[in-house]
Each structure stands twice: as structure tokens, then as C-alpha cells.
1. THR231: out of contact with any Phe, Trp or Tyr (no Cβ under 8 Å at 6 or more places or on another chain) and hydroxyl-bearing (Ser, Thr, Tyr), yes or no?
2. Is there a residue being within 24 Å of GLU141 (Cβ to Cβ), open to solvent by 10 Å² or more (accessible area, probe 1.4 Å), in a strand (DSSP E or B) and charged (D, E, K, R) anywhere in region 237-252?
3. For residues that are within 16 Å of ligand 2 (Cβ to nearest atom) and farther than 17 Å from TYR137 by Cα, scanning just region 150-176, find the one that is nearest to the chain's Cα centre (by Cα).
4. Determine the pairs where a residue that is within 16 Å of LYS3 (Cβ to Cβ) and at pLDDT 95 or above, located within region 166-185, has a partner that is open to solvent by 30 Å² or more (accessible area, probe 1.4 Å) and near ligand 3 (Cβ under 10 Å from one of its atoms) with Cβ atoms under 7 Å apart, the partner being 6 or more residues away or on another chain.
5. One residue is enough: does region 155-164 have a residue meeting the conditions under 30 Å from GLY234 (Cβ atoms), of a type in the set (S, T, N, Q) and open to solvent by less than 30 Å² (accessible area, probe 1.4 Å)?
6. Could you please let me know if PHE165 is aromatic (Phe, Trp, Tyr), touching a strand residue (DSSP E or B) at 6+ places or on another chain (Cβ under 6 Å) and over 24 Å from GLN260 (Cα atoms)?
7. Of these, LYS147, LYS102, which one is within 16 Å of ligand 2 (Cβ to nearest atom), of a type in the set (D, E, K, R) and more than 17 Å from the chain's Cα centre (by Cα)?
8. I'm told LYS3 meets every condition in (1) modelled with pLDDT under 95; (2) farther than 17 Å from GLY179 by Cβ except one. Can you identify the failing condition by its number?
Amino acid sequence: MNKIPVKTAEELVLMRESCQLTAAILDAVEDIIHPGISTEDINIFVHRMTTEGGAVPSPLNYKGFPKSVCTSVNDVVCHGIPSPYVILKEGDVINVDVTSYKNGFHGDSSRMYYVGGPETCSEAARKLVRTAEQAMYIGIEEVAPGKHIGDIGAAIQEFIRESGFNYGIVREYTGHGLGREFHEPPQVVHVGRKGTGDIMRAGNTFTVEPMINAGTFKCALSKVDGWTVRTADGLLSAQWEHTVLVTESGYEILTEGKRQRKKGA
Ligand code: MF3
Ligand code: CO
Ligand code: CO
């Protein structure tokens with residue numbers, strides 16, 4: 001028997017609510033991303049919308065993280081700390097990673113945004129962002145009872161190899177189970193071999209959140225703040241994240257937003 005918690009129908013009612021609040025916040029963030037705003041402006045917005053939704057922002061004070069959301073610009077892979085000194089400019093790409101905690105459950109999701117619109121970003125940046133989004137959905141397609149957690153990473157790795165970014169799948173940071181805890185079993189790696197890892201069961205909830213780097217997969221952790229993760233070579237990184245539920249017949253994406261395109265484009 002695996003160690004992945006199984007949520008009851010009653011628990012899932014509550015968890016869907018946390019996940020849907022997270023999705024609504026990410027939908028709303030789309031309207032505030034403009035050249036000239038700071039990542040602290042995003043933090044203030046997310047913090048307010050989270051608390052107005054009756055939730056607590058999970059990142060705030062999590063292992064000492066000082067803000068309510070992660071904002072990761074360009075070569076920042078993940079865990080970027082919002083700052084009034086980081087001002088967004090045309091052509092930047094940013095990942096906003098929101099986790100809401102409500103009624104005892106967490107909902108975790110992140111998306112990429114083009115600052116100033118996609119037309120202001122390089123073709124290379126757009127390709128990386130789209131590929132990372134497709135990689136997430138290709139991983140999610142593997143989710144079903146009886147399948148292995150390793151099937152997710154295997155599918156992502158094969159897709160990324162074909163797309164030409166093979167050396168760029170981040171290894172050091174992974175998806176994770178979540179529910180009553182922000183991070184619980186299983187670990188969801190974004191590379192790997194089919195048929196390895198725990199077997200999924202209906203009621204398991206976890207994230208799929210591949211980080212794809214334009215160059216090397218290797219990352220460097222900031223010695224200054226102890227959180228910010230950058231690509232080791234300074235090239236771009238992109239990430240998308242959903243919280244998913246294993247259902248009797250396959251999967252349900254719990255953090256799908258009303259304004260979010262399905263399946264990536
Ligand atoms: N939301 C991130 C994840 O996807 C975790 C952020 S931890 C924090 O797992 F402390 F940086 F907020
Ligand atoms: Co997240
Ligand atoms: Co996560």
C-alpha cells in the first residue's frame with residue numbers, strides 16, 4: 001500500500017474550494033500584470049484577494065518565506081520573493097505561484113504571464129512558456145488509478161526531449177502531494193521511467209509542476225535571500241502548476257481557472 005493520503009468526498013468538497021480560490025486569484029492576476037508594476041504589487045494583490053476569500057496564503061511564513069506568493073521573473077526558476085525593487089518591464093516573463101489555505105486544505109497552482117503581451121516577448125521565450133504548459137498537461141494526462149507516479153515524469157521527459165529542451169527539465173524541485181499539508185507524499189518528479197514509483201489511487205491529490213529551463217537544468221540558490229532559485233546559466237525558465245485529483249476514471253484538475261485555456265496552445 002502506498003503512503004499517499006486518500007481524501008474522502010467530504011474533504012474534497014473543502015479542497016475544491018481552496019483550489020478554486022487559487023484559480024480565481026490567478027485569473028485576476030492576469031489583469032494587473034503590466035510593465036511598471038513591482039512584484040510586491042502582485043504580493044499585495046494576492047494577499048488581499050486570498051484573505052478576502054476567507055483563506056490564508058500558504059507561502060507566508062512557510063519555513064520562513066517572507067511573502068504571500070512566489071513571483072519568478074525570467075531566469076528565476078521558482079521561489080522568487082516579491083520586492084518593491086523588482087519592476088516588471090516589457091518582454092519579461094513571470095511565473096506567479098499561488099497557494100491558498102482554507103477550511104484546512106491547500107490549493108496550489110501557478111501560471112506564466114507575458115509582461116506587455118506576448119508580442120513584446122522573444123520567440124524563444126514564447127516557445128519555452130508554451131512548451132512548459134504543454135509539458136504540464138502531458139504529465140497530467142498520465143494521472144489515473146493503477147498508474148505509477150513515475151509515468152508522469154516519463155511522459156514529460158519524452159515530450160521535452162522531442163521539443164528540443166531535453167537538458168532543461170529541473171530535477172531539484174518537484175511536484176508534491178498536498179491537502180491538509182502544503183507538501184506531503186508523493187514526490188512527483190518531472191523526469192523518470194514508466195512503471196516506477198507509487199501506484200495512484202482514487203482520492204490522491206498532488207501537483208504536477210514542471211520547471212523547464214531554456215539551457216541547463218542546473219539551478220543556483222541565492223546566497224543572499226536563501227530562497228530565490230535561478231538557472232545556473234542565466235537563461236530563461238518557465239513553469240506551470242496544477243493541483244490534480246485521481247478519480248475513479250482518471251483525473252480532475254482542481255485548480256482550473258474560468259479564464260484559463262484548456263490543454264495549453
Ligand atoms: N508553491 C510552491 C510549490 O509549488 C512552494 C512555495 S514554498 C514558498 O510547491 F515557501 F516559497 F512559498
Ligand atoms: Co506552487
Ligand atoms: Co506546488
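The values are calculated or read from the model by the stated rules, or taken from the named source; none is laboratory data. Given the structure is predicted, the values throughout are model-derived calculations rather than measurements. So basically every Cβ, Gly included, is an ideal-geometry build from the backbone, and we count neighbours across all protein chains shown. When the accessible area is computed, the model is the full protein with side chains, heavy atoms only, and any ligands, DNA or RNA have been set aside. Shrake-Rupley method; radii C 1.70, N 1.55, O 1.52, S 1.80 Å.
1. Yes: the conditions hold for THR231.
2. Yes, some residue in region 237-252 is within 24 Å of GLU141 (Cβ to Cβ), open to solvent by 10 Å² or more (accessible area, probe 1.4 Å), in a strand (DSSP E or B) and charged (D, E, K, R).
3. That would be TYR173.
4. Listed pairs, sorted by first residue: HIS176/HIS183.
5. yes
6. yes
7. On inspection, the qualifying residue turns out to be LYS102.
8. That leaves (2) as the condition not met.
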